[in-house]
Amino acid sequence: MSCDRRCGSARDAAAATGNGQAARRWKGTPGARWPCAIRAGRNAETGGGLRTIVAAVCRVPVRGSRTCGRGCRACPERRLRGAPAARCPHVAGGRSAFGRRGHRCRTCARVLIVVSSRSGASRDAAVRLSVAGRAALSRFGRRSVPRRLVAPAGLPYPARVPAKAPTLAETPVTALKGVGPKNAERLQRLGIHSVQDLLFHLPVRYQDRTRIVPIGSLRPGDQAVIQGQVELADIRYGRRRSLLARLADGTGSITLRFFHFSGAQQSNMARGSWLRCFGEVRNGPQTYELVHPEVQRVAEDEPAEVEQALTPIYPTTEGMHQLTWRDLSERALALLGRGGLDELLPAAVLQARAMPELAAAVRLLHRPPPDQSLRLLSDSGHPAQRRLAFEELLAHQLSLRVLRQRQRQRGAPVLAGGDSLQQALLDRLPFALTRAQQRVLQQIDDDLAQAHPALRLVQGDVGSGKTVVAALAALRCVGSGHQAAIMAPTELLAEQHLRNFSDWLQPLDIEVGWLSGRYKGKRRQAVLDCLADGSLPLVVGTHALFQDDVAFQRLGLVIVDEQHRFGVHQRLALREKGVAGQVPHQLVMTATPIPRTLAMTAYADLDLSVIDELPPGRTPVSTVVIADARRDQVVERVAMACREGRQAYWVCTLIEESEALQAQAAEDTAAALTEALEGLRIGLVHGRMKAADKEATMRAFKAGEIDLLVATTVIEVGVDVPNASLMVIENAERLGLSQLHQLRGRVGRGAQQSHCVLMYHPPLGGVAQERLRVMRETNDGFEIARRDLEIRGPGEVLGTRQTGEMQFRIADLLRDQDMVADVQVLADELLREHPRRVALLIQRWIGARVQYADV
C-alpha cells in the first residue's frame, strides 16, 4: 500500500495505529489526501477539509487542546503552563526542518506532530506515522503548525516518558523570579544569560555581619555590625550640613555622620533610641566615625538577630543593587539544590588535589559560613575559589589542545628543500647566528618537514635577531617550490621587513614583492597576477595580504610579525589561502616577551621557541628618568651627542590616539628643536606622512644624512640604525612598559654606549612611577614582561582586553600561575581517558566563543 507519491508509508501507518481500515482508506487517493503530502485538500471520505496534517511520532503524549507552541498548556509540567516554548522541557524551540514551528521532544528527540482537523473531519483520518512518514513529512515541512492542535481521540499513546530536567546552563536566567526584561538586559551586559552564568558570577568581597562587635574594640578600616543607644543627636552647620549621632554600648562610643538625610532618619536617631548599624570605621575629628552607615532601629531587649553567613558583595552594573544580587543568587542556589550542575572532574582528581565538588564550592562562595577566613576569600586563595579557577584553566587548556588536534588532522605541504639557499644566505651575512638562533631555526626546519601544519610562536627580546631567522625559514619554503608571505601590522614595520628581505634575498635571485593598503592600480594588479601564477615566490605586506582578491598558487608558509596586533579573523584569513585543501605552515613572531606561564596558557596550541640570547657586541642601554622642567638640559645633551657624530631619536607622545594630533605634536616639536639646535639636520616621521616620504626619511636617517629624527611611536618596532645611540621619550609616563621597552630597543644596536632619557610631566601616579622605575632598573625584556604582567594583568599584556579574546570569569593567570603545570598534566590525561568530559568542560567554560589562539 502506498500513496501516489509511493512513500511506502501506508503499511507503517496501519501498524502504528492498529487500524487497517484507516490505512486502506488512503489507498489510491491523490497525494494531497495522504498525510505525508501536508497540503490543504478535501477528504473524500468525510467531506471535511484537512487544515494541516502533521506526523505524531513522539512517544510523549500530548494532552489538552494546545501543544507546546506559543503557550504550553499541554505540557505535563504544570508550573510551565502558558510559558514560551523555549522553556518547555519537551521542546527544543526555534525553527526546525519540519516547519516554522516544528517542535522536538527533549525526551525522545523526535518530532512532535499531531493531526489537526476542522469540525466535521473524520477523527479516523488521524494516523500515527512512523519514521517513514516523518521522512516524507520533511519534504513539505514549510507549513507552520497551527496554534490550536486538537489531540485526536482514541490514538494509542504509549505511557508517558518523564522529560529530563534542563541543566542550569540550559535554564535561562529569566526563569528566576525577579528577572524581567530590564533586569535580563542588565545581566546580559555582564555576560549572564543562564542560571549557570549567574552562579559563576562570584562575589568580589565579603562583609562579616554574623556578629555584633563591641564599639570599644573597633579599629579604623574595620567593617562591623554594632548596636547601642543614642546618647546625643544634632544637626551641625559648617561647610556641609550634617546629622551627627553619638552611639554607645558600654564599651565605648562612636559617631554616626550623615551628609544626606531625611526627617524620618532624624526621628530614628532621637536621644535614647537603640540602633543597630553596619559600616566602615574611619578616623574622625574627635573619635571614630561611621559615615552613612546602614541603620536599623531595634528595641533594647530585642535579641541580636544577625546574618547566618558572610554577606557577599557582587560585581554589578548600573541599576542592579546588592540586595537584588543576593535575592537572585538565593533563587539560583535553590535550583542548584535540585541538580543541573554536573561534576565533570573525576573523583580521583578531586581526591588527589583535596578539592571540593563543584556544587559545594559554588554554594560556599555565595553563602560562606561565618567560620570561613575573610582573608583567604578576599585574596581569592580559598580552596573553593581555587577549585573553580582550576576547572576554568583546565577548560581553556583543553579547548586549545582540541584545536591543535584538529589542526594537525589537516594536510600541509612538506617543505624539506632549501638547504643550499639557507647556506648561501648564512655565507653572505656579516655576522654569525647565536646559539639561540641556531636552535630555533632547527626547530622551525623540523616543523616544516612535517605533513601537518606547523604552528610555532617565536619570541625574543628586542634586537635578538628574529627577522633573520624568519628569512631563513622563508628560504626553506621557497627552496621547496612554494611561496611565503610575511605580514606585519604597520606599514613602517612591513617596509623595514621589505628592506631587510630584499637586501638578503635579491642577491640570491629571489624576488621580494610588496603589497599594502596604499598599493593601488596597475602595480597592485601586477603583484596579484605574479602571486596567482607562482612567479613571485615571496611577498611582504600588511593586512592587504588577506583580502579576498589575493590568491596564491602554492602558499606554503605564513610568517606573522607582532601577531597580537592582528584580530583573530585577520590571522585566519591568510591561513585559509592554502591550495588544494592544504593549510600553509605558520610562524608567529613577537618582540614583546611573554612570561612562560602566561604563554603556556594563552598559546597552548602553539609550539614555543625563545631566542634568549642577544648578538655579541651589544651594550646595555643606560636609562635615566627626568622631569620635563629640565627639558633644556636634555636638548643640550642631544646637541652634544650629535656633534660627536652620533645620531638620536626624539619621540613625541600624546594621550589622544588621533594620528592628526600626534602628527601636529611631532611637527611642533620638530620646529622647536630646529630653532634650538641650529646646524643639526633634523628629520620628521609620523603616521600621516605618505609612505614614500617616510621611506625617504628613514633611508636618509640610516645613511647618516639626518642627525636627529623627531618621530611619533610609529618607530616602536622595526627600525635598525646602529649609529643611533640616544633616545629621548617625551611624556614617558603615558606609555606602557612594553611600548617603552620597544622604543628603547631602537638604540643600543651598535658597539658604543647608548642612553635613553624618559622625560615625564609631574605629578606621577603610582602605576606610572612603578613603570618608570622598572625601566630604569632593567634592560631584560623577559623581566620587564613579568613586571608588566603584575601591573597590567594578562588581558592587557596579551592585547586581548578589547577584543574579548581569552577573558576568564574566575581564573587569573597571574594569581593562579602555580596551577598551570598541573592543569597541563591533567589536560593530557582527560584527553586520553575521558573525551566526553573534555567536550562538556569546554562547553561549560568556553561555549561558542571564538578560539582566540587559533592563529
Point to revise | Positions within the stretch 170-216 being over 30 Å from THR255 (Cα atoms) and among the β-branched types (Val, Ile, Thr), in sequence order | key: THR171, VAL173, THR174, VAL179, ILE192, VAL195
Check your understanding: Out of (1) in a helix (DSSP H, G or I); (2) under 25 Å from ILE784 (Cβ atoms); (3) at pLDDT 90 or above, the odd one out for GLN633 is which?
Key -> (2)
Study note, to complete from the structure: Taking the stretch 769-786 and keeping residues surrounded by 17 or more Cβ atoms within 10 Å (Cβ to Cβ) and closer than 21 Å to ILE626 by Cβ leaves ARG771, LEU772, VAL774, MET775, ASN779, ILE784
Study note, to complete from the structure: Per the filter on the stretch 601-644, residues surrounded by 15 or more Cβ atoms within 10 Å (Cβ to Cβ) and either more than 30 Å from ARG435 (Cα to Cα) or over 42 Å from the mean Cα position of the chain (by Cα) (or both) are VAL625, ILE626, ARG631, VAL634, VAL635, ARG637, VAL638, ALA639, ALA641, CYS642
Check your understanding: What number goes with the only condition from (1) surrounded by fewer than 18 Cβ atoms within 10 Å (Cβ to Cβ); (2) at pLDDT 90 or above; (3) not aliphatic (A, V, I, L, M) that ARG408 does not pass?
Key -> (2)
Point to revise | Any hit, the stretch 438-446, residues being crowded, with 22+ Cβ neighbours inside 10 Å and touching a strand residue (DSSP E or B) at 6+ places or on another chain (Cβ under 6 Å) | key: yes
**Study point:** Options GLY847, GLY799, GLY804; residue that is small (Gly, Ala, Ser), closer than 28 Å to GLU783 by Cβ and either outside the structural domain of ALA604 (by TED's automatic domain parsing) or at pLDDT 95 or above (or both)
**Key:** GLY799
Practice item. Give the residue that is modelled with the lowest pLDDT, with candidates limited to residues of the stretch 465-485 that are assigned to a loop (DSSP other than H, G, I, E, B) and surrounded by fewer than 24 Cβ atoms within 10 Å (Cβ to Cβ). Key: GLY465
Point to revise | Single condition ILE192 does not satisfy, out of (1) under 30 Å from LEU290 (Cβ atoms); (2) assigned to a loop (DSSP other than H, G, I, E, B) | key: (1)
Revision key, fill the gap. Subset of the stretch 281-315, residues within 19 Å of VAL204 (Cβ to Cβ) and either of a type in the set (A, V, I, L, M) or surrounded by 14 or more Cβ atoms within 10 Å (Cβ to Cβ) (or both), comes to GLU307, ALA309, LEU310, THR311, PRO312, ILE313, TYR314
Check your understanding: Of all residues in the stretch 538-563, which are touching a residue at least 60 places away in the same chain (Cβ under 8 Å) and part of a loop (DSSP other than H, G, I, E, B)?
Key -> PHE552, GLN553, ARG554, GLU562
Exercise for review: Specify the residue that is nearest to ARG646 (Cα to Cα); the eligible residues are those in the stretch 751-792 that are within 27 Å of the chain's Cα centre (by Cα) and of a type in the set (A, V, I, L, M).
Suggested key: ILE784
Exercise for review: Would you check if LEU344 is part of a helix (DSSP H, G or I) and of a type outside the set (Gly, Ala, Ser)?
Suggested key: no
Check your understanding: Within the stretch 603-621, is even one residue modelled with pLDDT of 90 or more and not in a strand (DSSP E or B)?
Key -> no
Point to revise | Residue selected from the stretch 271-312 under the condition among the small types (Gly, Ala, Ser) and part of a loop (DSSP other than H, G, I, E, B), by the criterion modelled with the lowest pLDDT | key: ALA304
Check your understanding: Restricting attention to the stretch 734-768, which residues are surrounded by fewer than 22 Cβ atoms within 10 Å (Cβ to Cβ) and touching a His at 6+ places or on another chain (Cβ under 8 Å)?
Key -> none
Review point. Taking the stated definitions as given, is GLY460 in contact (Cβ under 8 Å) with a residue 60 or more places away in the chain and at positive phi?
Key: no
Review point. Would you say GLU318 is among the acidic types (Asp, Glu), touching a residue at least 24 places away in the same chain (Cβ under 8 Å), in contact with a strand residue (DSSP E or B) (Cβ under 7 Å, 6 or more places away or on another chain) and not in a helix (DSSP H, G or I)?
Key: no
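The values are calculated or read from the model by the stated rules, or taken from the named source; none is laboratory data. Computed from a prediction, not measured in an experiment: that's the story for all the values here. Positions of Cβ are generated from backbone atoms using ideal geometry, with glycine treated the same way; all protein chains shown enter the neighbour counts.
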